[in-house]
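Undergrad: Dumping the structure here so I can ask a few things about it.
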Amino acid sequence: MIAAHDREGLLKHTAAASSPFQKALGLASVEHLLIQVGAIGEAEEYAHAIADDAADCSLAKAEALTAVATGWTRKGDLDHARQSFDSALKKVDSVRAELAFGKVAVAASIAAAQAESGMVPTSVGTFDFALKLASQVQPRAKPVNGVYPKTYFGSLFQDDAYRAVFGAAIRTHDLGAARQTVELWRTSAGNSADVSIVDAWLGVGRQDEALSYARRLKNATERAPTLLWLARTLLDEAGAPLI
């Protein structure tokens, strides 16, 4: 419907929603269509119309307000953009801990959108906010006698939250925020995070950062296997035959 610019169809679809979250998605779809045609003021009205009666709806509203903010930026109206970004952050802050990972992911995306809108100093504070939220996400559970908790598989944990912030920082080429995220990630997870962090750097094409991270590991028993894993990964990517 968005591709067909069928606004009436979207409104009928939204009116028939069977749950608050479905209605939130419908309103966000209408908002998205209006942003596409440059009707940012009207799009903002639909973003504010998203109800706050559930945590997932509040996060959807925060994402919708972020989209409105970027729309205002493209129109050159930075005052309205700042107001929409601020509203989005307030929505994230209001969500209860039950969606802790979602709060981190949305806050990180807001920080990235602010940076891409030219509000770099403001984005720094939002990245810090996202990292504070990440510290409140439940750490990854460890198996007991080889058995993982029933809620382990399919869940998102603290290391996933730090990876989300890392991705947003890389998206905006903010190496400072990315390195800060990596340090907090490592502090929270210990040496079990080493391979994941190196893999994250390699995943964004930063072999230099991956190597620097591995070399800085103070404990030789942690540094050596991480460097070996890095070397094997680079050889594999280069097409070297497995020995």
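The values are calculated or read from the model by the stated rules, or taken from the named source; none is laboratory data. Here the structure is a predicted model, which is why all the values come from computation and not from measurement. Here the Cβ positions follow ideal geometry from the backbone for every residue, glycine too, while neighbour counts run over all protein chains shown. Just so you know, the surface numbers come from the protein's heavy atoms only, side chains and all, with ligands and any DNA or RNA stripped out. Shrake-Rupley method; radii C 1.70, N 1.55, O 1.52, S 1.80 Å.
Undergrad: Restricting to the range 167-199, give me the number of residues that are open to solvent by 50 Å² or more (accessible area, probe 1.4 Å), of a type outside the set (Val, Ile, Thr) and within 18 Å of Leu133 (Cα to Cα).
TA: Qualifying residue count for the region: 6.
Undergrad: Another question, then. Name the one entry in Asp93, Asp79, Asp52 that is at pLDDT 90 or above and over 17 Å from the mean Cα position of the chain (by Cα).
TA: So the residue among Asp93, Asp79, Asp52 that is at pLDDT 90 or above and over 17 Å from the mean Cα position of the chain (by Cα) is Asp79.
Undergrad: Within the bounds of the range 32-39, is there any residue that is part of a helix (DSSP H, G or I), open to solvent by 30 Å² or more (accessible area, probe 1.4 Å), of a type outside the set (Asp, Glu) and over 28 Å from Tyr162 (Cβ atoms)?
TA: yes
Undergrad: Anything in the range 40-76 that is of a type in the set (D, E, K, R), farther than 23 Å from Phe21 by Cβ and in a helix (DSSP H, G or I)? List them, or say none.
TA: Across the range 40-76, the qualifying residue is only Arg74.
Undergrad: Shifting gears a bit: Anything in the range 44-58 that is in contact (Cβ under 8 Å) with a residue 12 or more places away in the chain and either buried (at least 24 other Cβ atoms within 10 Å of the Cβ) or among the acidic types (Asp, Glu) (or both)? List them, or say none.
TA: Passing the criteria: Glu44, Tyr46, Ala47, Ile50, Asp52, Asp53, Asp56, Ser58.
Undergrad: Here's something else I'd like to know. Failed condition for Val147, given (1) open to solvent by 10 Å² or more (accessible area, probe 1.4 Å); (2) in contact (Cβ under 8 Å) with a residue 40 or more places away in the chain; (3) of a type in the set (A, V, I, L, M), with all others met?
TA: Among (1) open to solvent by 10 Å² or more (accessible area, probe 1.4 Å); (2) in contact (Cβ under 8 Å) with a residue 40 or more places away in the chain; (3) of a type in the set (A, V, I, L, M), the lone unmet condition for Val147 is (2).
Undergrad: Looking at the range 59-81 only, could you name the residues that are open to solvent by 50 Å² or more (accessible area, probe 1.4 Å) and aliphatic (A, V, I, L, M)?
TA: Within the range 59-81, Leu78 is the sole residue that qualifies.
Undergrad: Being more than 20 Å from Ala113 (Cα to Cα) and free of Cβ contacts under 8 Å to residues at least 60 places away in the same chain: is that true of Ala81 here?
TA: Considered against the rule, which asks whether it is more than 20 Å from Ala113 (Cα to Cα) and free of Cβ contacts under 8 Å to residues at least 60 places away in the same chain, Ala81 comes out as no.
Undergrad: Hey, another quick one. Within the range 1-31, which residues are charged (D, E, K, R) and not in a helix (DSSP H, G or I)?
TA: Asp6
Undergrad: Which pairs do you get when a residue that is over 13 Å from Arg74 (Cβ atoms) and assigned to a helix (DSSP H, G or I), found in the range 106-123, comes within reach of a residue that is basic (Lys, Arg) and open to solvent by 40 Å² or more (accessible area, probe 1.4 Å), reach meaning Cβ atoms under 7 angstrom, with the pair 6+ apart or on two chains?
TA: From the range 106-123, the pairs are Ala112/Arg171.
Undergrad: Let me ask another. Within 15 Å of the chain's Cα centre (by Cα) and open to solvent by 90 Å² or more (accessible area, probe 1.4 Å): which single residue out of Leu156, Leu131 fits that description?
TA: Leu156
Undergrad: A follow-up question, please. Show the residue pairs that are 6+ apart or on different chains and have beta-carbon atoms under 7 Å apart, the first residue being within the range 6-18 and open to solvent by 80 Å² or more (accessible area, probe 1.4 Å), the second being assigned to a loop (DSSP other than H, G, I, E, B).
TA: Within 7 Å, the pairs are His13/Met1.
Undergrad: So if I check each of Leu202, Leu228, which one is farther than 26 Å from Val120 by Cα and surrounded by fewer than 18 Cβ atoms within 10 Å (Cβ to Cβ)?
TA: Leu228
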